[in-house]
Amino acid sequence: MKKTIVAMPGDGIGKTVLPESVKVLDAVGFDAEYIQADIGWDFWCKEGNALPQRTIDLLEKHKLGLFGAITSKPKDAASKELDPSLKDKGYVYFSPIVGLRQHFNLDICIRPCQSFKGNPLNFIRRTNSSFEEPIVNAVIFRQNTEGLYAGVEWTNPPKVVRDALETHPKMKAFKHVPSEDMAISTRIVSRDGCRRIIREAFEYAKKFGYTNVTVCEKPNVLRETSGMMYSEARIIAKEYPGIQLWDTNIDAQMMWLTKNPEIYGVLVAENMFGDIISDGFAGLVGGLGFACSANIGKDVAVFEPTHGSAPKYQELNPSIVNPIAMILSACMMLDHIGENEKADKIRKAIAKVIEEGKVKTYDMMKLKGGPDVFKYGACTTQEMTEEIIKNL
């Protein structure tokens with residue numbers, strides 16, 4: 001049955017890399033119709049809404065989305081760029097991808113970080129007088145809708161909020177801070193949210209043969225929220241006797257991932273910690289040019305690279321950016337809908353291109369981005385896509 005995919009290029013290089021992923025999907029024989037949908041900074045500036053209702057309606061109907069990248073700016077900077085007719089009318093910028101996650105309860109975020117043989121950006125370490133390149137094959141499960149990114153925060157908290165918070169003894173340290181000089185963010189974790197992300201992590205480990213699941217939190221300080229995550233993990237782990245449950249603190253994990261990254265399989269964390277640890281592991285396998293992700297709910301799923309919009313590269317012609325993260329995100333979409341054979345075929349083509357090393361984007365050559373990278377042998381975005389297609 002022909003699929004309909006809601007294509008949301010977004011901002012900056014999202015408009016460049018998403019069409020490249022569609023070329024590869026076409027080349028591998030995936031039969032789909034792509035409906036372009038509005039999202040991102042342009043719509044914030046023109047309409048006061050980076051996630052228009054018409055885009056939400058399309059995803060409600062078709063259930064599958066491919067997403068490129070967004071530009072986000074702090075509150076004051078965002079307000080300044082609004083169309084003059086919209087200013088001072090109460091519009092507040094909110095990240096559209098976070099909005100999608102919360103609206104559709106896309107609570108399961110999966111971010112594979114797997115090294116490709118021959119990638120010059122792979123992590124290496126010194127051993128005595130030589131070097132070794134460990135195989136990194138980690139998959140991060142990030143709780144996508146709760147935690148610090150839930151957006152429950154205030155600057156100058158209203159009296160009812162302040163009064164409630166001051167029932168906690170730790171608020172005594174802020175007793176003399178005026179509310180207008182105070183900003184508050186909450187970290188909200190639900191038991192059901194913890195259970196769902198942890199169970200999905202264990203199920204993934206069981207399905208793909210991983211021997212350990214690591215809860216990466218900070219329960220020695222965040223005793224209630226991180227504590228709930230780990231206590232639920234211990235309960236669920238009893239159902240998976242062949243899989244070890246490990247726990248690490250987020251700060252220590254950032255150190256250990258550059259000492260022994262090959263020992264980690266599936267990792268699971270709250271929203272912000274999952275964001276941090278997935279970028280950390282991505283740095284070991286080539287950086288954000290190779291970092292793909294899935295945002296999965298019970299009905300709707302959206303697939304995106306984890307890199308930003310990189311507006312400084314948007315206007316370069318020809319384009320220099322690496323499309324592989326976007327293409328790998330499209331592979332995750334294929335896996336999600338049962339087109340595993342096509343997904344594997346694309347991944348094998350990418351692996352072959354990287355191992356042969358004849359075609360490399362500027363980041364793979366460790367060059368500073370700019371229009372002069374081609375004189376050093378870097379390929380264009382489109383040339384990388386063409387090479388992947390050739391190797392299908």
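Antiparallel as a % of all DSSP beta bridges within the chain, to the nearest 5?
50
Please give the FRET efficiency for ALA173 paired with PHE94, using the beta carbon to beta carbon distance and R0 = 41 Å, rounded to the nearest 0.05.
Efficiency at R0 = 41 Å is approximately 0.85.
Give me the extension gain from GLU239 to ASN260: residue separation times 0.36 nm, minus the current Cα-Cα distance, reported in nm with one decimal.
Additional length available on full extension: 4.8 nm.
Once you have the Cα-Cα distance between ILE35 and ASP57, take 0.36 nm times their residue separation minus that, and quote the gain in nm to one decimal.
Working it through step by step, the gained length comes to 6.7 nm.
Pick from GLY227, GLY68, GLY265 the residue whose mean-square fluctuation is largest in a GNM of the chain, springs joining Cα atoms under 10 Å.
In the Gaussian network model the winner is GLY227.
Using only Cα atoms, locate the centre of the range 59-125 and the centre of the range 134-197, then give the distance between them in Å, rounded to an integer.
Each part's Cα centre sits 20 Å from the other's.
Of the peptides 245-255, 316-326, how do they stack up when ordered by the mean number of other Cβ atoms within 10 Å, highest first? Display every interim value, and only then the final one.
On the way: 245-255: 16.3, 316-326: 22.6.
Those peptides, ordered most packed to least, come out 316-326, 245-255.
Using helices alone, what [θ] at 222 nm do you get for the chain, with -39,500 (n - 2.57) per DSSP H run of 4 or more residues, divided over all residues and rounded to the nearest 500?
Calculated from helices alone, the mean residue ellipticity at 222 nm is -11000 deg cm²/dmol.
Going by amide H atoms built from the backbone, whose H comes under 5 Å of the H on ILE5, apart from near neighbours?
Amide H neighbours of ILE5: GLU33, TYR34, ILE35.
Starting from the amide H of ILE70, placed 1.01 Å from N in the peptide plane, find each other amide H under 5 Å away whose residue is 5 or more places distant or on another chain.
The answer is ASP11, SER309.
Would the chain count as rounded, prolate or oblate if I go by the C-alpha gyration tensor, calling it rounded below 1.5 in a/c and otherwise prolate when a/b exceeds b/c, oblate otherwise? Don't jump to the answer; show the numbers that get you there.
Values: a/c = 1.58, a/b = 1.19, b/c = 1.33.
In terms of gyration-tensor shape, oblate.
Which value in nm describes the separation of the simple spin-label points at THR186 and GLU355, placed 7 Å from the Cα toward the beta carbon?
Here the modelled spin labels are 5.2 nm apart.
Output ³J(HN,Hα) for the range 273-280: one whole-Hz value per residue in order, computed from phi by the Karplus curve 6.51 cos²θ - 1.76 cosθ + 1.60 with θ = phi - 60°, and x for Gly and Pro.
5, x, 4, 5, 5, 5, 5, x
Could you tell me which trypsin sites (Lys or Arg not before Pro) in the range 167-207 are loop residues by DSSP with no more than 11 other beta carbons within 10 angstrom of their beta carbon?
LYS175
Can you tell me which of PRO158, PRO134, PRO52 moves the most in a GNM of the chain? Springs connect C-alpha atoms under 10 Å apart.
Residue with maximal mean-square fluctuation among PRO158, PRO134, PRO52: PRO158.
Tabulate in residue order the Karplus-calculated ³J(HN,Hα) for the range 190-196, using 6.51 cos²θ - 1.76 cosθ + 1.60 with θ = phi - 60°, rounded to whole Hz; enter x for Gly and Pro.
With the stated coefficients, the range 190-196 comes to 9, 5, 5, x, 4, 4, 5 Hz.
Out of residues 5 or more away from LEU267 or on other chains, whose amide H comes under 5 Å of its own, with H placed 1.01 Å from N in the peptide plane?
VAL139, ILE140, PHE141, THR214
Filter the GluC sites (Glu not before Pro) in the range 168-224 down to the DSSP loop ones having no more than 12 other Cβ atoms within 10 Å, then list what survives.
GLU224
Would you mind calculating the gained length between THR127 and TRP154 on full extension (0.36 nm times residue separation, minus the Cα-Cα distance), in nm to one decimal?
Length gained between THR127 and TRP154: 4.8 nm.
Output ³J(HN,Hα) for the range 315-326: one whole-Hz value per residue in order, computed from phi by the Karplus curve 6.51 cos²θ - 1.76 cosθ + 1.60 with θ = phi - 60°, and x for Gly and Pro.
Here the 3J(HN,Hα) series is 8, 5, 9, x, 6, 10, 6, 7, x, 5, 4, 5 Hz.
Do any trypsin sites (Lys or Arg not before Pro) in the range 309-392 lie in a loop, going by DSSP, with at most 16 other beta-carbon atoms within 10 Å of their beta carbon, and if so which?
LYS358, LYS366, LYS368
Bear in mind that the values in this text are calculations on the coordinates, not laboratory data. All values reported here derive from a predicted model rather than from experimental measurement. Here the Cβ is made from the backbone with ideal geometry for all residues, glycine too, and neighbour counts use every protein chain on show.
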